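Novice: Supplied in structure tokens, the structure appears directly below.
The values are calculated or read from the model by the stated rules, or taken from the named source; none is laboratory data. Everything numeric here is computed off the predicted structure, so don't read it as measured data. For neighbour counting, all protein chains shown are included, and Cβ atoms are generated from backbone atoms with ideal geometry for every residue, glycine included.
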Amino acid sequence: MTTPQTTTRFAPSPTGYIHIGNLRTALMNYLIARKSGGSFILRIDDTDPVRSEEKYVDAIKRDLEWLGLHWDRVERQSARLDRYAEAAKRLREMGRFYEAFETPVELDLKRKKQLNMRRPPVYDRAALDLSQEERKALRAERGNGVWRFKLDHARIEWHDGILGDLSIDAASVSDPVLIRGDGQVLYTLASVMDDIDMGVTHVVRGSDHVTNTATQIQIIQALGAPVPEFAHHSLLTGPQGEALSKRLGTLALRDLRERGVEPMALLSLMARLGSSDPVELRKDMAELIEGFDLGHFGSAPTKFDAEDLMPLTAHHLQSLPLEEVRETVSALGVPDALAGAFWTMARDNITVLADLEKWWALCRDGAEPLVDAQDREFVDQAFALLPDAPFDSETWGQWTKAVKAATGRKGRGLFMPLRKAVTGLERGPEMAELMPLLQVVRGRS
Ligand code: GLU
């Protein structure tokens, strides 16, 4: 038998914007597919017509495109409802599917009783004991029931690509509901059918899906299909180990993009965070793919600090030639003749591209001089020696030399007051690089 082509999928529900936690899943699946020359599917899990929104589908695509995580094809669960109905029919025919009528309140009561008796809150399968008449009566009274998959009460075992050998007792898990009373197919069944039909060979997702995986393995086996490789990555926490679930909303990829985080910075961090490999800025996707190994990831919760993205972003920007940022630089209004010099001067002094704005404003408009009282006279003297613009790369050296000769000041006492007077700042770019870009120096009396 030939080994099937590696096929992975990223399967977001379009009920919100994707966040940093989703990205981890997307990226791992993407890298596995690309590393083996396989195929990466974007699967939109939109079986819930009420919560799914087209704007989120568009936003998910935009986020992935921004990061360069290109998919080979898009699939939508809402277009495959007939396949799910077929699967349901087969499960029904083989006696693995049964209708249950308990209301949420009744189920809750059962759970509470079980917990009181220190028993695991597993569905008691009472519906299996209903006679045809009872079922009919319940249906007449309450409408259609939900359809549950009857688990085989054995141990479910698999070798997890991250967590290692896992074994879950099926008796400790409730028979999963696969179809709701209103007929809506639930994710567990839809996902299994998709993975089978689409030849998915590797399923990587968050460890909140481990129990799902156990039940899905039995459904896959019931449907006579090969079980894919499963791997569950740890969940992200905040920098102090605190749960991130509530804050994930503020860690949407679109927000990070708006904050100026660069794709390579984000990818470099997320493709290695939580693994034994060092997090360092990678040049491109090829480098990320090359060193990626799922087996290097650990099961412990992974600490994530959005602030770590900033130095990586700065580092990435410093490595870019003008060509890559030319549009942004021109959009600021920097004349073409100055673009190269401006970028060379500014790139070491920015964290995000938006910081360029302030450097161009300084060059274009000059700065309100920052002059300490004891330097007032010195600065006036110095400004009198400053030649008229345009300046060139020699200006700073010649000027400070002349000021030194005239005032006797040297070192920090010479340079710092001049820097502050010219730029309005205590720190910033190399003055020799900055001077030729300055169109105006304010505060000359
Ligand atoms: N739509 C599911 C989720 O976002 C997909 C899980 C899976 O990868 O199977 O949790």
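Novice: Out of curiosity, is residue 250 out of contact with any helix residue (DSSP H, G or I) (no Cβ under 6 Å at 6 or more places or on another chain), touching a residue at least 24 places away in the same chain (Cβ under 8 Å) and part of a helix (DSSP H, G or I)? Spell out the reasoning first.
Specialist: On the way: out of contact with any helix residue (DSSP H, G or I) (no Cβ under 6 Å at 6 or more places or on another chain): yes; touching a residue at least 24 places away in the same chain (Cβ under 8 Å): no; part of a helix (DSSP H, G or I): yes.
So residue 250 fails the test.
Novice: Failed condition for residue 47, given (1) within 10 Å of the ligand (Cβ to nearest atom); (2) at pLDDT 95 or above, with all others met?
Specialist: (2)
Novice: Determine which single condition residue 33 fails, assuming it passes every other condition in (1) within 15 Å of the ligand (Cβ to nearest atom); (2) within 23 Å of residue 225 (Cβ to Cβ); (3) small (Gly, Ala, Ser); (4) touching an Asp or Glu at 6+ places or on another chain (Cβ under 7 Å).
Specialist: Failed condition: (4).
Novice: Taking only the range 216-225 into account, find how many residues are touching a Pro at 6+ places or on another chain (Cβ under 9 Å) and either within 12 Å of the ligand (Cβ to nearest atom) or free of Cβ contacts under 8 Å to residues at least 40 places away in the same chain (or both).
Specialist: 2
Novice: Name every residue in the range 81-121 that is assigned to a loop (DSSP other than H, G, I, E, B) and either closer than 22 Å to residue 144 by Cα or in contact with an Asp or Glu (Cβ under 6 Å, 6 or more places away or on another chain) (or both), in order of residue number.
Specialist: Scanning the range 81-121 gives 94, 95, 96, 101, 102, 103.
Novice: Okay, moving on. Would you say residue 264 is farther than 30 Å from residue 83 by Cβ, touching a helix residue (DSSP H, G or I) at 6+ places or on another chain (Cβ under 9 Å) and aliphatic (A, V, I, L, M)?
Specialist: yes
Novice: Restricting to the range 279-302, name every residue that is among the hydrophobic types (A, V, I, L, M, F, W, C), in a helix (DSSP H, G or I) and touching a residue at least 60 places away in the same chain (Cβ under 8 Å).
Specialist: Correct list: 285, 288, 289, 294.
Novice: Ok, one more. With the requirement that a residue be in a helix (DSSP H, G or I), within 16 Å of residue 380 (Cα to Cα) and not basic (Lys, Arg), what does the range 395-412 give you?
Specialist: Across the range 395-412, the qualifying residues are 399, 400, 402, 403, 405, 406, 407.
Novice: Another question about this same structure. Please go through the range 303-320 and pick out each residue that is assigned to a helix (DSSP H, G or I) and more than 19 Å from the chain's Cα centre (by Cα). Break it down into steps so the answer makes sense when it comes.
Specialist: Start the filter on the range 303-320 by keeping residues that are assigned to a helix (DSSP H, G or I), which leaves 306-318.
Selection gives 315, 317, 318.
Novice: Let me ask something else. State all residues of the range 365-393 that are within 23 Å of residue 345 (Cβ to Cβ), touching a residue at least 24 places away in the same chain (Cβ under 8 Å) and loosely packed, with under 15 Cβ neighbours inside 10 Å; if no residue qualifies, say none.
Specialist: The answer is 365, 368, 389, 390, 392, 393.
Novice: I've got another one for you. I need the full set of residues from the range 21-67 which are without any contact (Cβ under 8 Å) to a residue 40 or more places away in the chain, touching a strand residue (DSSP E or B) at 6+ places or on another chain (Cβ under 7 Å) and β-branched (Val, Ile, Thr), in order please.
Specialist: Correct list: 44 only.
Novice: Restricted to the range 68-79, and to residues that are touching a residue at least 40 places away in the same chain (Cβ under 8 Å) and surrounded by fewer than 20 Cβ atoms within 10 Å (Cβ to Cβ), which residue is nearest to the ligand (Cβ to nearest atom)? Quick ask: steps written out before the conclusion?
Specialist: First pass over the range 68-79, keeping only residues touching a residue at least 40 places away in the same chain (Cβ under 8 Å): 68-69, 71, 75, 77.
Within this subset, residues satisfying the condition of being surrounded by fewer than 20 Cβ atoms within 10 Å (Cβ to Cβ) are 68, 75.
Values: 68: 21, 75: 12 Å.
Only one residue tops the list, namely 75.
Novice: Consider the range 33-45. How many of its residues are surrounded by fewer than 24 Cβ atoms within 10 Å (Cβ to Cβ) and either in a helix (DSSP H, G or I) or at positive phi (or both)?
Specialist: Count: 3.
Novice: Pairs, please: C-beta under 7 Å, at least 6 apart or cross-chain, first residue touching a residue at least 24 places away in the same chain (Cβ under 8 Å) and in the range 159-171, second assigned to a loop (DSSP other than H, G, I, E, B)?
Specialist: Pairs found: 162/299; 163/299; 170/151; 170/152; 170/153; 170/154; 171/153.
Novice: Somewhere in the range 187-196, is a residue modelled with pLDDT of 95 or more and outside any helix (DSSP H, G or I)?
Specialist: no
Novice: Related question: Residue by residue through the range 303-341, note down the ones that are without any contact (Cβ under 8 Å) to a residue 24 or more places away in the chain and within 22 Å of residue 439 (Cβ to Cβ).
Specialist: Within the range 303-341, 322, 326, 327, 330, 331, 335, 336, 337, 339, 340 meet the criteria.
Novice: Of these, 200, 146, which one is touching a residue at least 24 places away in the same chain (Cβ under 8 Å), within 16 Å of the ligand (Cβ to nearest atom) and β-branched (Val, Ile, Thr)?
Specialist: Values: 146 fails: within 16 Å of the ligand (Cβ to nearest atom).
It is 200.
Novice: Pick out the one residue from 329, 334, 371 that is in a helix (DSSP H, G or I) and among the β-branched types (Val, Ile, Thr).
Specialist: After ruling out the rest, the residue left standing is 329.
Novice: Count, please, the residues in the range 179-196 that happen to be more than 27 Å from the chain's Cα centre (by Cα) and within 14 Å of the ligand (Cβ to nearest atom).
Specialist: Of the residues in the range 179-196, 1 are more than 27 Å from the chain's Cα centre (by Cα) and within 14 Å of the ligand (Cβ to nearest atom).
Novice: Got a sec? Which of 124, 208, 129, 175 is away from the ligand (no atom under 13 Å from the Cβ) and loosely packed, with under 15 Cβ neighbours inside 10 Å?
Specialist: Of 124, 208, 129, 175, the one residue that is away from the ligand (no atom under 13 Å from the Cβ) and loosely packed, with under 15 Cβ neighbours inside 10 Å is 129.
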